[in-house]
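A.B. asks: To start, I am sharing the structure in question, which I have written as structure tokens.
The values are calculated or read from the model by the stated rules, or taken from the named source; none is laboratory data. Not measured: the values here are computed from a predicted model. Neighbour counts run over all protein chains shown; Cβ positions are idealised from the backbone, glycine included.
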Amino acid sequence: MNTSAGSARMVIKRDGNIVPFDRERIATAIFKAAASVGGTNRSIAESLAEEVERRMGAMYTKGAIPSVEDIQDTVEETLIENDHVQTSRAYIIYRHERAQARAARIDKFEATDNIPYKKIYEVLRWNMAHECETVEGLNTIIAEGKFPDLIHASNERYHNEVVRGAEKIIERLPEVRIAIIAGPSSSGKTTTTIKVGEALKKAGRELVAINIDHYFFDLEMHPKDEFGDYDYETPQALDLELINQHLVALLEGKTIKTPHYDFKTGTRKLDVHEMSLAPNQILLIDSLHGLYGDMTRDIPAAKKFRLYIETLGQLRDEHDTFMRWADNRLLRRMIRDSWHRNLQPIQTLTHWHYVRRSELKNIIPFIGTADYLVNSALPYELPIHKHKLFRFFPQAMEQFRNEPKRQDAFIRAKRVFELLNPITAVEDDSVVPRDALLREFIGGSVYTY
């Protein structure tokens with residue numbers, strides 16, 4: 001928007017916050033409406049969004065700031081006046097559906113709010129104390145040569161949280177026989193599992209880990225999305241019946257043989273890894289769906305300890321917008337998938353839509369059942385991720401800009417690009433210890449994954 005637009009460069013959100021006007025969001029909304037009635041040209045949507053921007057700039061000057069509703073009204077008017085009648089109708093329907101969805105969320109807020117506010121406040125305070133709660137602060141740390149200090153402090157904080165979790169497990173012995181470490185994709189479950197095991201061993205306790213990833217069905221049996229991609233994220237991709245049979249048998253003192261799953265070939269072999277659980281041992285499970293009821297439905301609740309892990313990072317940009325936790329995990333997974341699952345980073349980006357869909361359906365609703373929460377976000381990881389991944393985001397934005405069915409990938413790529421853009425990239429990751437959680441994703445760990 002040109003300088004004559006004044007305060008129309010800003011927008012009042014529904015929650016009252018004032019944020020910068022984002023023309024790309026308008027273009028995307030118009031393009032989605034057009035695509036629903038057969039449109040395929042994003043350039044037209046972008047041209048219409050520019051006209052909306054010009055109108056807003058002319059209407060809101062001298063300190064006036066439009067609301068989201070004002071902008072949406074202008075979008076409707078612009079579509080109709082430019083003879084995009086079908087798109088206008090689709091946009092109105094889309095707007096109405098979004099309003100209904102917001103109303104539904106408000107009604108359910110008290111029952112489904114699983115945001116750990118106390119923990120988030122603790123994370124924010126820690127970041128502020130270490131002057132890394134903003135992009136500007138993070139860049140200053142790098143410029144002043146204090147990046148290694150931040151790495152050490154961040155790893156120490158995470159380690160201490162894991163140790164406290166292990167101590168809570170010990171407090172519930174001998175009743176607890178299974179310790180479950182759950183969390184969304186790329187939150188760091190595997191490393192946390194290993195480190196909990198190390199802490200329990202120091203306390204004189206035996207630990208036996210079972211790898212739930214080996215219980216995936218053959219790839220050809222996995223559900224597929226609308227693009228024909230296989231879905232690893234749903235719990236139904238796992239052999240839940242076999243998992244329960246093996247857990248019950250282990251707690252009864254029997255010996256089992258777990259399967260082995262090969263991610264590169266997408267196949268599993270049954271009866272491969274022999275294991276048993278002695279009376280003084282604890283079975284440790286790290287799983288995306290550890291809190292999902294059917295995962296351990298045949299095990300009494302008193303015999304289970306649930307530890308939940310999430311990247312509860314608190315980093316904000318110059319506009320006071322905080323990074324989304326899921327975007328943090330997306331970056332981790334883009335790197336890990338490239339060397340561990342033979343996937344290109346952009347493939348992971350396009351796959352992410354049903355990663356999130358599964359998380360919201362099969363993980364988030366069960367956070368309240370956890371006994372302990374670990375924050376795995378590491379403030380120092382973003383400069384390292386930028387060096388490894390930044391070049392892929394402009395490429396993804398260009399590739400998906402005009403694809404109606406890939407607008408989620410376009411929006412996500414644009415959001416992460418804008419977050420990473422001002423961050424100073426760090427090429428040398430040798431200062432990251434080999435036992436650090438981040439090594440699970442960037443490689444070079446002392447642990448075997």
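A.B. asks: Val176: closer than 22 Å to Tyr308 by Cα, of a type in the set (Val, Ile, Thr), assigned to a loop (DSSP other than H, G, I, E, B) and in contact (Cβ under 8 Å) with a residue 24 or more places away in the chain, yes or no? Talk me through it step by step, then tell me what you get.
C.D. replies: Working: closer than 22 Å to Tyr308 by Cα: yes; of a type in the set (Val, Ile, Thr): yes; assigned to a loop (DSSP other than H, G, I, E, B): yes; in contact (Cβ under 8 Å) with a residue 24 or more places away in the chain: yes.
Yes: the conditions hold for Val176.
A.B. asks: From Asp231, Asp213, grab the single residue that is of a type in the set (D, E, K, R), surrounded by 14 or more Cβ atoms within 10 Å (Cβ to Cβ), modelled with pLDDT of 85 or more and farther than 20 Å from Val374 by Cα.
C.D. replies: Numbers: Asp231 fails: modelled with pLDDT of 85 or more.
Unique residue meeting the criteria: Asp213.
A.B. asks: Failed condition for Ile299, given (1) within 25 Å of Leu219 (Cα to Cα); (2) part of a loop (DSSP other than H, G, I, E, B); (3) modelled with pLDDT of 95 or more, with all others met?
C.D. replies: For Ile299, the failing item is (1).
A.B. asks: Can you find, within region 385-404, the residue that is farthest from Glu418 (Cα to Cα) among those that are touching a residue at least 24 places away in the same chain (Cβ under 8 Å), more than 20 Å from the chain's Cα centre (by Cα) and not in a helix (DSSP H, G or I)?
C.D. replies: Asn402
A.B. asks: Here's something else I'd like to know. Just for region 1-34: of the residues that are assigned to a helix (DSSP H, G or I) and of a type in the set (S, T, N, Q), which one is modelled with the highest pLDDT? So that I can check it myself, show each step before the final result.
C.D. replies: Of all residues in region 1-34, those assigned to a helix (DSSP H, G or I) come to 3-9, 23-34.
From the residues that got through so far, the ones that are of a type in the set (S, T, N, Q) too are 3-4, 7, 28.
Values: Thr3: 36, Ser4: 38, Ser7: 43, Thr28: 91.
Ranking the qualifying residues of region 1-34, first place goes to Thr28.
A.B. asks: Something else: Considering region 421-444 alone, what residues qualify as being surrounded by fewer than 16 Cβ atoms within 10 Å (Cβ to Cβ) and not hydrophobic (A, V, I, L, M, F, W, C)? Talk me through it step by step, then tell me what you get.
C.D. replies: Looking only at region 421-444, we keep the residues that are surrounded by fewer than 16 Cβ atoms within 10 Å (Cβ to Cβ), and these are 421-422, 425, 427-428, 430-431, 433-435, 443-444.
If the condition is that a residue be surrounded by fewer than 16 Cβ atoms within 10 Å (Cβ to Cβ) and not hydrophobic (A, V, I, L, M, F, W, C), then Asn421, Pro422, Glu427, Asp428, Ser430, Pro433, Arg434, Asp435, Gly443, Gly444 are the ones that fit.
A.B. asks: Shifting gears a bit: Output the residue which, of all residues in region 41-97 that are in a loop (DSSP other than H, G, I, E, B) and among the β-branched types (Val, Ile, Thr), is modelled with the lowest pLDDT.
C.D. replies: If we filter region 41-97 for residues that are in a loop (DSSP other than H, G, I, E, B), which is where we start, we get 41, 60-66, 82-84.
Those left that are additionally among the β-branched types (Val, Ile, Thr): 61, 65.
Numbers: Thr61: 68, Ile65: 84.
The selected residue is Thr61.
A.B. asks: Suppose we filter region 328-371 for residues that are buried (at least 19 other Cβ atoms within 10 Å of the Cβ), out of contact with any Asp or Glu (no Cβ under 9 Å at 6 or more places or on another chain), assigned to a helix (DSSP H, G or I) and in contact (Cβ under 8 Å) with a residue 12 or more places away in the chain; how many remain?
C.D. replies: Residues in region 328-371 being buried (at least 19 other Cβ atoms within 10 Å of the Cβ), out of contact with any Asp or Glu (no Cβ under 9 Å at 6 or more places or on another chain), assigned to a helix (DSSP H, G or I) and in contact (Cβ under 8 Å) with a residue 12 or more places away in the chain: 5 in total.
A.B. asks: Among the residues of region 152-161, are any free of Cβ contacts under 8 Å to residues at least 60 places away in the same chain and aliphatic (A, V, I, L, M)?
C.D. replies: Yes; the residues of region 152-161 include at least one that is free of Cβ contacts under 8 Å to residues at least 60 places away in the same chain and aliphatic (A, V, I, L, M).
A.B. asks: Counting only residues that are modelled with pLDDT of 95 or more and among the small types (Gly, Ala, Ser), which one in region 110-158 is nearest to the chain's Cα centre (by Cα)?
C.D. replies: Step by step, filter region 110-158, then rank; the result is Ser154.
A.B. asks: Any idea how many residues of region 179-213 are aliphatic (A, V, I, L, M) and not in a strand (DSSP E or B)? Give the steps one after another, and end with the answer.
C.D. replies: Here is the first cut: in region 179-213, the ones aliphatic (A, V, I, L, M) are 179-182, 194, 196, 199-200, 203, 207-210, 212.
When the remaining residues are screened for being not in a strand (DSSP E or B), the result is 194, 196, 199-200, 203, 212.
Qualifying residue count, region 179-213: 6.
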